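As structure tokens, the structure follows; a few thoughts come after it.
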Amino acid sequence: MLELRNITKRFGNVLANDKVNIVVKPGTIHAIVGENGAGKSTAMRIAYGFYKADEGEILVDGHVHDIETPHDAIALGIGMVHQHFMLVDTMTVAENIVLGAEPGSGIALDLVQASFEIRRLSEEFKLAVNPGSVIERLSVGQQQRVELMKALYRHARLLILDEPTAVLTPQEVEEFFSILRRMREQGKTVVIITHKLTEVLAISDEVTVMRDGRVVGRLQTKETNATELARLMVGREVLLRVEKTPAKTGSAELSVRNLSVTVRGGAKPVKDVSLEVRKGEILGIAGVEGNGQTELMEALAGLLSPSQLSGEIRIEDRDITQEGARLRRELGIAHIPEDRHRRGLLLEFDLAENSILGVHYRHPIVAYAGTFLDNGAIRRRAKEILEGFDVRPANPDLPARALSGGNQQKLIIGREFKVDPKLLLVVQPTRGVDIGAIEFIHRKLVGLRDSGCAVLLVSAELEEVMSLSDRLLIIHEGRIVGEVDPKVATIEEIGLLMTRGH
Amino acid sequence: MILLRELLFPLIAVVAAFIVGGILILVIGDNPLQAYGLLFGSALSWPVGIGYTLFYATPLIFTGLAVLVAFRCGLLNIGAEGQLYIGAFATAWVGITLANLSPWLLIPLCFIAAILGGGVWGAIPGVLKARFGSHEVINTIMLNFIAVALLSYFTQYHYKTPGDPIMQTVPIGEGAHIARLGRFIPGLPEFIPLNLAFVLALICCGLVYLFLWRTKWGYELRATGTNPSAAEYGGISVRKQIIVAMTISGALAGMVGINEVLGYRYRYYDGFSDNYGFTGIAVALLGRNHPVGVIISALLFAILQRGGIPVDAFTEHVTKDIVQVLQGTIILFVAAEAFFRGPFAKFGLLNRSKV
């Protein structure tokens, strides 16, 4: 169906694709995996006419074609859904789908005709897309199906999907995969770009693995496994299971009694939560996103106004319910926030300045009359964090904005570990982070636990919370609905608690 | 490299503005080179031109710094105009009321009055924003009107020499006068009102730099300005920073009163400000919200102001309004640059291209 032959592409000095050969057979689901920056998206954007290759050729159905623009690709039956949707929020599904391929002649726009076609396609592939809905009212999963529909409407026979599951909840992923399988049954070909190995194994027929701009493996999915794929992607052995010894727990570091959070408008995202995190253990909280995890963690970190809270938060014997973020930090609470851009980083500030956020007013950062910042101390601290946590590039003068997501996360984690916390609040520690770095972060978290720190972990990646946690709570609609032993509980059992609450 | 990048866009804006102005002068029917020659020649002539240029630059440095400090905290202080009036009146009031005090006591008291007056007037919108979330742009504009009206009233009914047709207070005590620079610099005549306030303005630039980039308070203020959520996460009280920033901003604007009252007119003169507060916004913007940039752009605006007079007098058709055209065009180009580089709030480095 699609073949890339010896594709080479440079951006300035960076070799993004180096003699890349990819063969996608018709009627298959083909996964392209690799870490961020491995060149997966670049290769596929070349196939879609977004970029022009410096060398090499593209074959569609066995013939060489010059694909200069996405229009050429569409004419050849190639469609692409990008990681960031390209939809007009205020227009309807039908209007978005016909945008750029408006039916009808001249001025009149034949939306009725288009709507019929959209309904027909929607039924054929069970997309459940209503042509009359306005985009901004749709969930992310539904918007993604609109994007799929856009490609199908233009008679795409080959769909390229760039990290399609990054924005979906676990339930939506399942649904999305069954749509892809139906497409395959109907004779479509699908290319899915991803770095999540479980998904590759679950959905694809064939896999191409890329690393540093080169293809390093072509495999039949049936004949491979996660360990082999991870090794190819990273270039060395990777531990996918978290290795840890049984927890040696001490007394309770954090105790929460009947905590409720009320937000503006009267809604209560957190209802009557009680929990205890002991020294030396990782307590996990599993739940579908938006079930109060965010608010719970912000409440514990001191980022909500005390007037929004009821109940009691204690750190060891001290009641800190009324205290602000600064005092809580001084008592040994560190926080790796959910949204690293909004909460965790000063994007315009350089890495050195970011590495002192939260301790910027204290010895040894502040020297000279308790007022002036000690540049030497700041740079030493930054250096220790950048080197200790493998932040690349390790240049303290770069603005935080210039780092990739994974390196930004490592910077935040390094900064929070550096304060030797007694209690660490962690939310989604590995979201958008490469496999190699995930392994690194997991090891660091377990290491911190072993040194006696209490860790409270929230993650939407069920496998992550299950493998890291010593105990696991399940949150549903703001309530703790159960506690399971992650060593014996099954995904199904936890999944049911997460979605139904019982 | 970074310095070059920072200088590039303001420079382009200024050059482009001069080109537009030049075309305009041509259309009006004069020689642009001659007009610009007059403008720079007179503004930079020693001693009178330079003396006046530096004198005009003084209030603009203060107000530019005022806008800069607020801006670094993510606030737009449009109220420097009102703050500088209050500062000026406060310093005049001390100079009049305590006229007989020794200069060693009176001058510091007058300084404090200017700083406190402006600071309080700046703190009001800061407190309103921190407590109630009301927008500082609206409140500072409103406080400008209140300040102007209030001070006209006090001047007219309480502090004027009876029968004086001019809207000005009685003079301040001689002990409150600060020295003109002509006293220290040979060749600079003392009739030029350039005074010690100019030196104070330069010192303030250094202090503002130290404060913002070398102290923990400056770190907290700037952190709040670039990302209040992250600042809060780092244990910084955003509300406190807003009040602190607006107070400092107002205090800097209030120091214009030192130049005006203690160094120049020796009394409070109603409506003395030639839009210094508003020009300060342009000065800070062109100066890329950096103290050194503020000095440079304040000097440029002062050159335009001083140089406009001979352009008016010695050309056929061009009037000194050309100065306003140039100022406006510079601001337009600077604003256009901000537009090209993304939202108003992002006055950082050039966006790095991502590969």
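Bear in mind these aren't lab numbers, they're just calculated from the coordinates by the rules spelled out. Keep in mind it's a predicted model, so treat the numbers as computed, not measured. All Cβ positions, even for glycine, are placed from backbone atoms using ideal geometry, and neighbour counts span all protein chains on display.
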* Amide proton proximity set for A:Val270, modelled H, under 5 Å, gap of 5+ -> A:Val261
* Structure fact -> Taking a ≥ b ≥ c as the square roots of the Cα gyration tensor eigenvalues, with a/c under 1.5 meaning rounded and otherwise prolate when a/b beats b/c or oblate if not, the range B:265-306 comes out prolate
* Asked: In whole Hz, what ³J(HN,Hα) sequence does the range A:393-403 give by Karplus (6.51, -1.76, 1.60; θ = phi - 60°), x for Gly and Pro?
  -> x, 7, 10, x, 8, 6, x, 4, 4, 6, 7
* Under the definition of partner shielding as Cβ atoms of other protein chains within 10 Å of a residue Cβ, what is the mean value for peptide A:354-361? -> 5
* To do: Report the charge-dipole magnitude of the protein assembly as shown in Debye, nearest 20, computed about the Cα centre from +1 at each Lys and Arg Cβ and -1 at each Asp and Glu Cβ.
  => 1420
* Asked: Assigning unit charges at the beta carbon (Lys, Arg +1; Asp, Glu -1) and nothing else, what dipole magnitude in debye, to the nearest 20, does the range A:2-234 show about its Cα centre?
  -> 400
* Among A:Leu445, A:Leu304, what is the fewest-to-most ranking by other Cβ atoms within 10 Å? -> A:Leu304, A:Leu445
* GNM on chain B, C-alpha springs below 10 Å: top fluctuator among B:Leu60, B:Leu39, B:Leu68? -> B:Leu39
* Structure fact -> For the range A:349-416, the Debye formula with one identical point scatterer on each Cα and no solvent gives log10 I(q)/I(0) at q = 0.15 Å⁻¹ as -0.42
* Structure fact -> Within 10 Å of the Cβ of an average residue in A:340-350, the count of other chain Cβ atoms is 5
* Could you give the size of the charge dipole of chain B about its Cα centre, using +1 on the Cβ of each K and R and -1 on the Cβ of each D and E, expressed in debye and rounded to the nearest 20? => 1220
* **Evaluated at q = 0.08 Å⁻¹: base-10 log I(q)/I(0), Debye formula over Cα of the protein assembly as shown** => -0.90
* Among the aspartates and glutamates, which have Cα under 18 Å from the Cα of B:Lys160 when same-chain residues fewer than 8 positions away are ignored? -> B:Glu174, B:Glu260, B:Asp270
* Is the range A:2-234 rounded, prolate or oblate when judged by the Cα gyration tensor, a ≥ b ≥ c being the square roots of its eigenvalues, rounded requiring a/c under 1.5 and prolate requiring a/b larger than b/c? -> prolate
* Asked: How many Cβ atoms of partner chains, on average, are near each residue of B:223-232 if near means within 10 Å of its Cβ?
  -> 6
* Taking the Cα centre of the range A:2-234 as the origin and placing charges on Cβ (Lys, Arg +1; Asp, Glu -1), which of A:His65, A:Phe177, A:Met210 is farthest toward the positive end of the dipole? -> A:Met210
* Structure fact -> Once the in-chain neighbours fewer than 8 apart are removed, the lysines whose Cα is under 17 Å from A:Lys25 read A:Lys188, A:Lys222
* Asked: Using modelled amide H (1.01 Å from N, peptide plane; none on Pro or chain starts), what sits under 5 Å from the amide H of A:Leu254, excluding residues fewer than 5 places away?
  -> A:Val277, A:Glu316
* Report ³J(HN,Hα) in whole Hz for each residue of the range A:435-452, in order, from the Karplus equation J = 6.51 cos²θ - 1.76 cosθ + 1.60 where θ = phi - 60°; Gly and Pro get x. => 4, x, 6, 4, 4, 4, 5, 4, 5, 4, 5, 5, x, 5, 4, 5, 7, x
* Under the rule of -39500 (n - 2.57) per DSSP H run of 4 or more residues, summed and divided by the residues of the protein assembly as shown, what mean residue ellipticity at 222 nm is obtained, to the nearest 500 deg cm²/dmol? -> -15000 deg cm²/dmol
* **Given charges at Cβ of Lys, Arg, Asp, Glu: the range B:2-340 dipole, positive-most of B:Pro193, B:His135, B:Ser42** => B:His135
* Using the Cα gyration tensor of the range B:2-340, with a ≥ b ≥ c the square roots of its eigenvalues, what is the shape: rounded (a/c below 1.5), prolate (a/b larger than b/c) or oblate (neither)? -> oblate
* Asked: In what order do B:Tyr209, B:Tyr233 fall by count of nearby beta-carbon atoms within 10 Å, going from fewest to most?
  -> B:Tyr209, B:Tyr233
* Which pairs, out of A:Lys9/A:Lys40; A:Lys418/B:Lys216; A:Lys248/A:Lys422; A:Lys422/A:Lys487; A:Lys40/A:Lys383; A:Lys279/A:Lys444, put more than 21 Å between their alpha-carbon atoms? -> A:Lys422/A:Lys487; A:Lys40/A:Lys383
* Karplus-derived 3J(HN,Hα), 6.51/-1.76/1.60, for each residue of the range A:293-299, Hz, glycine and proline x -> 4, 4, 5, 4, 5, 5, 4
* To do: Give, as a single signed number, the net charge of other residues whose beta carbon lies under 15 Å from the beta carbon of B:Ala88, with Lys and Arg counted +1 and Asp and Glu -1.
  => -2
* **Of A:Ile46, A:Ile118, A:Gln143, farthest towards positive along the dipole that unit charges on Lys, Arg, Asp, Glu beta carbons give the range A:2-234** => A:Ile46
* Sequence-distant residues sharing a close amide H with A:Ala16 (under 5 Å, placed H) -> A:Lys9, A:Arg10, A:Phe11
* Asked: Among the listed pairs A:Lys52/A:Lys126; A:Lys52/A:Lys150; A:Lys19/A:Lys410, which are separated by more than 27 Å between their Cα atoms?
  -> A:Lys52/A:Lys126; A:Lys19/A:Lys410
* Two decimals is fine: what is log10 I(q)/I(0) at q = 0.12 Å⁻¹ for chain A, from a Debye sum with one equal scatterer on every Cα and no solvent? => -1.19
* Asked: Taking the highest mean first, how do the peptides A:31-41, A:377-387, B:183-193 order by number of other beta carbon atoms within 10 angstrom per residue?
  -> A:31-41, A:377-387, B:183-193
